[in-house]
Amino acid sequence: MAHAKLSPSSAHRWLNCPASVIVSQGLPDSRSAYAAEGTAAHFLASECLTQDVTASYFEKYIAVEDNGDCYFTTLAVGAGNLPYFNAEGEMAEHVQKYLDYVQDTVRDTKGTLFVEQSLSLEHITGEPGAKGTSDSVILTDNEIIIVDLKYGMGVKVDAENNQQLMLYALAALAEYDFYTEFQQARLVIHQPRLGHVSEWTISIDELNAFGDQVKRAAKYISMLDADSLDIDADYCPSDDTCKFCKAIATCPAAQKEVFETVANDFDDLTDDSGDELENDRLAECYSKLDFIKTWCKAIEQATFDKLTKGENVEGFKLVEGRAGSRKWADESEAEALMKSMRIKVDLMYDKKIISPTSAEKLAKTDKIGSTQWGKLQDLIIKPQGNPTIARADDKRPAINLTATADEFEDLSA
């Protein structure tokens, strides 16, 4: 299957920053343990839906190869130097929530399920042979349902105007136009580790209008090359577009945005009269912090990569970092030695009560009875989160820390 240059997963980037497609060409994909874990979770989910089994059915590990392919393995066989993840326990528990949602939706709508469905994008982006893979596509009498599993915990993702899922829906609409006359598409983001499910419905007319927008953007990108890029017109540096862009460390527009922001907005935190920074200017500065942090991390990683390859980065070198905490070279040997020294048990071991999360796991396996668990639940508290800054369009309600006059007792008498 051809890897789409204008892929649905990066649509939020190339639809807003056409230059990102050109400047990213030829750069290697970055791999992380989090990405590999997500790939393993998707593999487990697809295997379960395809074989119609529960997530705990596979009592094995999942190995993830460099190209994203996965396979089940055992500790005895191992996975070499590849990252591998336990298909049981926590991963199975979270993936099962996604499975339940998909299967319940299929049952409630009497729909037809397609798992890990490869969908052509060529008629949308004009890219020959390009395809995208949707986690779950459910077809009903009048609706296309796209369900996307997001296994990460870093950022809560919403379905509303989600360009990745809208592209999947457009591709599915063309793939299954013979099925029925669809009236709408339902887009679903399922993030089981955050307990987050977001649904959004869009009419077919609105979806096709979005498709026209995508076609225009794709045609424009097809006419670009490295020599024709306009730093002011073709780039759109921001936290959303740059966060996972492979070219951020070398992007001239990102560098320009950071330098201009630091020079113009952060040069002085007071106005000419010496007063504190005005609220509107403070808001402008704060809105750019995430982008600047993203750029700084990319520059740090790029420098580290160069130095680890033995390349010269003028003025910098690799040195040994701070040593880790002390630990026993062999815990069992240390334990045996302490026992031979007749050191008291209560001095040898650190003991503490298990956490509510660990207690809940014991309750799920019937090692703690339901009655006992009910009593323990009465002792569990969840401290209120500390205030944190969010954008104005965040769906969480604002905390009012400003005291009003009617909150105080009238002491005038």
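The values are calculated or read from the model by the stated rules, or taken from the named source; none is laboratory data. Keep in mind the model is a prediction, meaning the values are calculated, not measured. Virtual Cβ from ideal backbone geometry, glycine too; neighbours counted across all protein chains shown. For the accessible areas, the whole protein counts, side chains as well, though only heavy atoms, and no ligand, DNA or RNA atoms are used. Shrake-Rupley method; radii C 1.70, N 1.55, O 1.52, S 1.80 Å.
Helices (runs of 4 or more DSSP H) wholly in segment 290-404 with at least 2 residues that are surrounded by 10 or more Cβ atoms within 10 Å (Cβ to Cβ) - which ones? Lay out the reasoning, then the answer.
Details: elements: 331-340, 345-348, 356-364, 370-377.
Of the helices (runs of 4 or more DSSP H) lying wholly inside segment 290-404, those with at least 2 residues that are surrounded by 10 or more Cβ atoms within 10 Å (Cβ to Cβ) span 331-340, 356-364, 370-377.
Being out of contact with any strand residue (DSSP E or B) (no Cβ under 6 Å at 6 or more places or on another chain) and of a type in the set (V, I, T) is true for just one of T54, T39, T112, T73. Which residue is that?
Step by step, each of T54, T39, T112, T73 is checked, and only T54 is out of contact with any strand residue (DSSP E or B) (no Cβ under 6 Å at 6 or more places or on another chain) and of a type in the set (V, I, T).
Filtering segment 83-115 down to residues that are at pLDDT 95 or above and acidic (D, E), which residue is farthest from the chain's Cα centre (by Cα)?
Ranking the candidates gives D108 first.
Restricting segment 159-202 to residues that are part of a loop (DSSP other than H, G, I, E, B) and among the acidic types (D, E), which is nearest to D100 (Cα to Cα)?
Here the answer is E160.
Residues that are open to solvent by 50 Å² or more (accessible area, probe 1.4 Å): find the strands (runs of 3 or more DSSP E) completely inside segment 42-158 holding 3 or more of those.
Numbers: elements: 61-64, 70-73, 84-86, 112-120, 130-139, 143-149.
Filter on segment 42-158 gives 112-120.
Are there any pairs with C-beta distances below 8 angstrom linking a residue in segment 223-241 that is over 20 Å from E260 (Cα atoms) and open to solvent by less than 30 Å² (accessible area, probe 1.4 Å) to a residue that is in a loop (DSSP other than H, G, I, E, B) and modelled with pLDDT of 90 or more, with the two at least 6 apart or on different chains, and if so which?
L224/P18; L224/D234
Which of the residues spanning segment 159-203 are crowded, with 21+ Cβ neighbours inside 10 Å and over 23 Å from K215 (Cβ atoms)?
V188, I189, H190, Q191, P192
In the list S332, S370, S358, which residue meets the criterion of being of a type in the set (S, T, N, Q), in contact with a helix residue (DSSP H, G or I) (Cβ under 8 Å, 6 or more places away or on another chain) and at pLDDT below 95?
None of the other options fit; the residue is S370.
Please list, ordered by first then second residue, the pairs with beta carbon atoms under 7 Å, 6 or more apart or interchain, first in segment 12-39 and in a helix (DSSP H, G or I), second open to solvent by 50 Å² or more (accessible area, probe 1.4 Å).
That search, which allows pairs on different chains as well, returns H12/D240; V21/K5; I22/D225; I22/A226.
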